[in-house]
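All remarks here apply to the structure that follows.
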Amino acid sequence: MILDRLHAAARSDLAAWRAPEAAQEELRRLYLDHLDRHPDAMSRTCGAGHLTASAAIVDPGGTSAVLTLHRKIGKWLQTGGHCEEGDASLGAAALREAAEESGLSGLRLLPGPVRLDRHRVGCGGGTWHLDVQYAAVAAQREAPLSIDAGESSDLGWFAVGDIPEPTDDACRTLVRAAAEAARARPEPGFAPS
C-alpha cells in the first residue's frame, strides 16, 4: 500500500533528522514512537493523531514569507495539510501543499524538516496533528498569488519580522526558522528579492 511506503519514508526521515533543540528532540521521539505504535499514522483516519506536512514559503533572501488566511481557523498560517496517497514523502506532501495553496511555481524545498509542531485539531471529532514543517524557497517574489478558495480567505507576502495577526507562535517560529534556513543555503539561480 502507498501509505505504508509513506509511513516508512516518514520514519526514516524523522530518524535521520537532527533536532535543533531539546524540545524539538522530544517531539521527534514522540513522532517516532507514534509511527511505531500506529501503522495508520499517516492517514487522517488515525484517531490517536496523524502526521501532516507543512511549509513556510520564503523568498531566496529569507526576508519575506507567504502566508494564507485559513478560512476555517481564521488565522494567518503557513501552507500545509494532510498527506495523500500520491505523496512519496512528508517533504513531497509539504511541497505539493505549498504549490496548491499558493499558486507559486518553481518552489524548491530545502532538505529535511526545520521544525515539528504538535497541535490539537477538530479532524474526526478531535485529534492531534503531528506536523512536520519544512522551508520552501520561491524562485522569486511572484505575484499575483492564487487563492485556494476552499481553504483560504486571503494570501500574501509578508516581511518575516512583521507577520500579520491573528496568527500563532508556531507559525511565527516556523517562518523565522525557514527564513534562517533559506539564508544559510543560497543556491545559484535563486536571486534574492
Grab the strands (runs of 3 or more DSSP E) fully contained in region 1-94, keeping just those with 3 or more residues being modelled with pLDDT of 95 or more and under 17 Å from Leu174 (Cβ atoms).
50-58, 64-70
Could you check region 99-112 and list, in sequence order, the residues that are within 22 Å of Phe158 (Cα to Cα) and either of a type in the set (Asp, Glu) or part of a loop (DSSP other than H, G, I, E, B) (or both)?
Glu100, Glu101, Gly103, Leu104, Ser105, Gly106, Leu107, Leu110
From the residues in region 92-138 that are of a type in the set (Val, Ile, Thr) and more than 13 Å from the chain's Cα centre (by Cα), which one is surrounded by the most Cβ atoms within 10 Å (Cβ to Cβ)?
Thr127
Criterion violated by Gly62 - all others in (1) open to solvent by less than 10 Å² (accessible area, probe 1.4 Å); (2) more than 17 Å from the chain's Cα centre (by Cα) satisfied
(2)
Could you list all residues from region 145-182 that are modelled with pLDDT under 95 and either acidic (Asp, Glu) or under 14 Å from the mean Cα position of the chain (by Cα) (or both)?
Asp148, Glu151, Asp154
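The values are calculated or read from the model by the stated rules, or taken from the named source; none is laboratory data. All values reported here derive from a predicted model rather than from experimental measurement. Note: ideal-geometry Cβ built from the backbone for every residue, glycine included; neighbour counts use all protein chains shown. Side chains included, ligands, DNA and RNA excluded: accessible areas come from the protein's heavy atoms. Shrake-Rupley method; radii C 1.70, N 1.55, O 1.52, S 1.80 Å.
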